[in-house]
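Only one structure is covered here, and it is reproduced in the block below.
Read the figures in this text as sums done on the coordinates, not as results from a lab. Because the structure is a prediction, the values reported are computed rather than measured. Note: ideal-geometry Cβ built from the backbone for every residue, glycine included; neighbour counts use all protein chains shown.
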Amino acid sequence: MKKLRAAVIGCGAIAHHCHIPGYLKNRYTELAALVDPYEKNLKEACAKFNIERGYTSLEDLFANESLDVVSVCSPNIYHAEHAIAALNHGCHVLCEKPMCMNLKEGQMIQKAAQKHPDSIFMVAFTHRLYSGNIKARRMIEQGQIGEPYVIRIRFAHQGPMTGWAMSDWFFTPSKAGGGAMFDMGIHAMDLAQFYFGPIRKINAMMATLEKKIELEDNAILQFLFASGKMGYAEVGWSSKQGFAGVEIHGSEAAIINDYFEGLYLMKGESSATGKRIIRKRMIDKNPCQGGWDVEIDYFVNAIRKREQPEMGLQAGLNSMKVAMAAYESAKKGKTVTI
Ligand SMILES: NC(=O)c1ccc[n+]([C@@H]2O[C@H](COP(=O)([O-])OP(=O)(O)OC[C@H]3O[C@@H](n4cnc5c(N)ncnc54)[C@H](O)[C@@H]3O)[C@@H](O)[C@H]2O)c1
């Protein structure tokens, strides 16, 4: 079978860590070209990965290449424009998160995707591909924690600058669309819905606590799900240490998916007297296996099976709705219904 010809738009950190190596190692794809308007980043990526064809504009890319697959790895402000251009050129699209800047752009992507129903569209919600989250969801479906009722998520690190991003857009509101809430919170919102279904109400508080930037570097989010279950998330760009992962509490047991320490099933009893009996069973010592390492294979598999992936357009739109509602909630100081 002819290999799928892929291009990666935006040659920054996530392209280096996931998309470019992913297409190079997948046996069904050929990495045809890279795009970046900043020649330094373009040349560096072409040289590092031995890719001959690099372009500084999308026009040149589509004028010169016949493509099947495009990864959108540009700053958030360009996601909608680049995803729509790729769809209109008949490509399957893997779009980085957040899918776009606002709901209007989300609808524009949706319209373009509806015009091209044969194109597979996936949003890079990588946490869904961690072995720990896949196992934890299966355990819940099997009834191993009884009836789940609360989810807690904490995704926090030191932030994208310095040490990660290869360009300077993350702290520019007009290019990023939001701060830590948008960057990290969108993963938390998606993962919360991956476990518990649609979020119906959100209450959000945000602040700039540590960095000298115009965007929030910390956010605390409370969720009420359509099912009546509850959840909360803490996300931030100022955390040098501490828990990162997911906890899900059920009527019979809890799942602790500590991204650094491992995935545990925790059973036991506790009483108001302070007496506790805890039984902790290790399920997965390295729950962050997968993720970026398998993302391109997962996407290519969906293309080959001609099946829209679960982390597709609707998941992208759902998380955007929750993110926009979170900003509204923080601004107005009240709970917002989605
Ligand atoms: N899924 C994940 O876990 C994950 C992790 C990190 C970043 N991301 C997302 O990936 C995207 C890129 O982030 P990054 O960390 O690689 O940033 P980065 O700054 O390292 O890279 C962005 C690249 O895009 C290029 N660029 C700028 N304008 C462009 C344009 N008009 N067209 C094409 N390229 C352009 C820049 O020159 C740079 O090389 C963001 O949307 C970010 O949220 C996702």
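Taking every DSSP bridge with both residues inside the chain, close to 60 percent are antiparallel. Counted residue by residue at 0.36 nm each, then reduced by the alpha carbon distance between them, the extension gain from residue 251 to residue 108 reaches 47.3 nm.
Find the relative contact order for the chain and round it to a whole percent, using C-alpha pairs within less than 8 Å whose residues are 6+ positions apart.
19
With Rh defined as the Kirkwood radius, the inverse of the mean 1/r over Cα pairs, the Rg/Rh of the range 103-257 is 1.00. Computed over the alpha carbons of the range 4-119, Rg followed by Dmax gives 13.3, 38 Å.
Using the structure shown, list the pairs from 211/285; 212/240; 3/25; 115/305; 201/331; 43/305 with a Cα-Cα distance above 24 Å, or answer none. The partial results should precede the final answer.
Values: 211/285 33 Å; 212/240 17 Å; 3/25 12 Å; 115/305 20 Å; 201/331 15 Å; 43/305 34 Å.
Over 24 Å Cα-Cα: 211/285; 43/305.
Each of 130, 66, 232 was scored by the projection of its Cα onto the charge dipole of the chain, and the greatest displacement toward the positive side belongs to 232; charges sit on the C-beta of Lys, Arg, Asp and Glu.
For the range 50-132, trypsin sites (Lys or Arg not before Pro) meeting the loop criterion (DSSP other than H, G, I, E, B) and having at most 16 other Cβ atoms within 10 Å: 53.
A P(r) calculated from all alpha carbon pairs of the range 86-168, with 5 Å bins opening at zero, reads 3, 11, 13, 15, 14, 14, 16, 10, 3, 0 percent.
Computed with the Debye formula from one identical point scatterer per Cα of the range 198-338, without solvent, the log10 of I(q)/I(0) at q = 0.17 Å⁻¹ comes to -1.26.
Pulled fully out, how much extra length does the chain show between residue 276 and residue 205, if you take 0.36 nm times their separation in residues and subtract their Cα-Cα distance? The partial results should precede the final answer.
On the way: separation 71, 0.36 × 71 = 25.56 nm, distance 3.32 nm.
Result: 22.2 nm gained on full extension.
Size of the chain from its Cα atoms: along the principal axes, largest to smallest, the extents are 72, 45, 37 Å. Couplings 3J(HN,Hα) of the range 195-202, computed from phi: 8, 10, x, x, 8, 9, 9, 9 Hz, in residue order, whole Hz [Karplus 6.51 cos²θ - 1.76 cosθ + 1.60, θ = phi - 60°; x for Gly and Pro].
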